[in-house]
Amino acid sequence: MGYEKGMNQKNLLFKPPSWVAQSFIYQIFPDRFRKSGCVSDQRDLVLKDWGTDPMKQGFHGGDLYGVIESLDQIQKLGVTCIYLTPVFSSAANHRYHTYDYMKVDPILGGNEALHQLIETLHSRGMRIILDGVFNHCGRGFWAFHHVLENAENSPYKDWFQIQKWPLKPYPTNGEECGYSCWWNDPALPKFNHMHAPVRDYLISIACYWIEQGIDGWRLDVADEVPMVFWAEFRRRIKAINSEAWIVGEIWSDARKWLQGQHFDGVMNYRLGWSSISWASNNQLRAEYKNPLYPLKTINSEDFIEVLETTYSWYSSEVNKSQLNLLDSHDVPRALHSLKGDSKALKLALFLLFAQPGAPCIYYGTEIGLDGGAEPECREAFPWDKKCSLDLCEFIASLAELRINFPELSEIPLQWKVFSTDGLIACSSHQSPKEYEEIILIFNRSRRKWLAVPGYLNKPYFLLGSFAAKGKGLAPQSAVLFRSKILFPGGGQGYALAGT
């Protein structure tokens, strides 16, 4: 009996959340999303005017009550889960410089606002995940402040990776700060995760907010934290809520973190940059350079190779638990990378929603926000202005499509090249009573129509234009066909010829 119980607990650790595969995520950068006017702590503060340049310093005053006010619009998109970038007290508008993990930033509305947001989301059948910054803290974090004040005499000196005294948290040019920090930024001292009190503290913080009702964590720069820390993190989080989603920020090959002991999934940037690159059809902005997000010219063979390689790395359970995205607060917006081509953006979004894993869109994608590299991609949502592009109905239709075709979220489609600028993908299912097949065709060409086999003449879902028994699929269009045969009396089935 004891052995069986132990095995059940072990298996529980390796089982990803059941709800993720059918989810649709909406990422929000809180300071720039919506200002409610309901936060008393903001009343005497000097904030930037809403919609001014998204500089690295200064606060626009977006808050969590503003997120609550926007849930009707968000849910109409088909969104089922909110992902918030950091919300805890910080001296930076992006809040990756945490100084108090137990307190939601007062400018955002404090703990009360987060609790109200959690309750409201859950009452709507929606979920929420938070950004966990457990690799480093801000200079104002209480334990680091203690070390700055007491130097070698601080009982917290082992919480950080000290190299030499005295510490210089604001070094001049050429000076060393004396401690390890993220990407050599003295504002971000790194924790010493091999020190047991540090591990206990950080994991207790993560557990506390799971107990308060959040549904999971997106973990910042997860590959820079020792794996032993994440193993303990997973054990303790899953012991509280086995359905909590643990997502690591790892941009490339994440196989060693996705063997069941650490994360349920990662941020699937490979799907993002490859989808944008293919949909662009050689019309990309070239100034952004990032080897882990390499926006570049690719053909259909290249795109399929990225997909197949990425899916081959992981188990089917992991592939269903990935956070799939085109862009985020860390990279240029997809529409910016696509030089404002909304048709290409629609193709990329369709590709995003046609893959296993949870699709995630960055706030403002639905209205055409097109900011460039950080911090331009963190612009304020223009609630008081007419949007330049309205993709709300289209995105909602993609969300509905995944509901109607759950196989899109379960297993990778079989992709093949279909002409120079075309892709075709299919998935089939056979039971004793029926045979069903779905076929997707994409045409990224800006000028040429794509011939489609004559037996495919009744689209179930269409992006752009399609002429049955005519020209076929119009430029920058995509289509989904559904073929279904019922077997009389539940007899032996057969495959559809030519599909």
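Each reported figure results from applying straightforward, stated rules to the coordinates on display, with no laboratory input. Keep in mind that this is a model prediction, so the values were computed, not measured. Cβ placement follows ideal geometry from the backbone for every residue including glycine, while neighbour counts extend to all protein chains displayed.
Here are a few things to note about the model shown:
- Toward the positive end of the charge dipole of the chain, with +1 on the Cβ of Lys and Arg and -1 on the Cβ of Asp and Glu, the farthest Cα among Tyr293, Ile107, Leu47 is that of Tyr293.
- Note on Ser431 and Lys471: the extension gain reaches 10.9 nm, defined as 0.36 nm multiplied by sequence separation minus the Cα-Cα distance.
- Around Pro186: net Lys/Arg minus Asp/Glu count, Cβ-Cβ under 10 Å: -1
- Length gained on full extension, Asn241 to His195: 14.0 nm, using 0.36 nm per residue less the C-alpha separation.
- From the coordinates shown, semi-axes √(5λ) of the Cα gyration tensor in Å corresponds to which of (1) 47, 27, 20; (2) 42, 27, 21; (3) 38, 33, 19: (2)
- In this structure, Ala231 and Asn299 have a Cβ-Cβ separation that, at R0 = 51 Å, corresponds to a calculated FRET efficiency of about 0.80.
- Number of Lys pairs (Cα under 24 Å; 8 or more positions apart or on different chains) in region 414-490: 14
- Using Cβ point charges alone (K and R +1, D and E -1), the dipole size of the chain about the Cα centre works out to roughly 1340 debye.
- Dipole in debye (nearest 20) - region 227-332, about Cα centre, beta carbon charges: Lys, Arg +1; Asp, Glu -1: 340
- For Asp302, Asp63, Asp370, Asp327, the sequence from fewest to most other C-beta atoms within 10 Å is Asp302, Asp370, Asp327, Asp63.
- Spin-label model, Asn150/Tyr460: points 7 Å from Cα along the beta carbon direction are separated by 6.5 nm.
- Net charge over other residues, Cβ less than 11 angstrom from the Cβ of Asp105 (K, R count +1; D, E count -1): -2
- Near Asp131, the amide H atoms lying under 5 Å from its own belong to Leu84, Val87, Arg218; only residues 5 or more places off or on other chains count, and H is placed 1.01 Å from N.
- The amide H of Asp390, built 1.01 Å from its N in the peptide plane, has no neighbour under 5 Å, considering only residues 5 or more places off or on other chains.
- Taking the number of Cβ atoms within 10 Å of each Cβ as an exposure proxy, the fewest-first ranking of Val67, Val79 is Val79, Val67.
- When the C-alpha to C-alpha distance is required to be over 24 Å, the pairs from Lys103/Lys168; Lys56/Lys76; Lys48/Lys190; Lys346/Lys386 that qualify are Lys103/Lys168; Lys56/Lys76; Lys48/Lys190.
- Working note: Karplus 6.51/-1.76/1.60 with θ = phi - 60° gives region 46-51 the couplings 8, 10, 5, 5, 4, x Hz, where Gly and Pro are set to x.
- Going from the fewest other Cβ atoms within 10 Å to the most, the residues His97, His115 appear in the order His115, His97.
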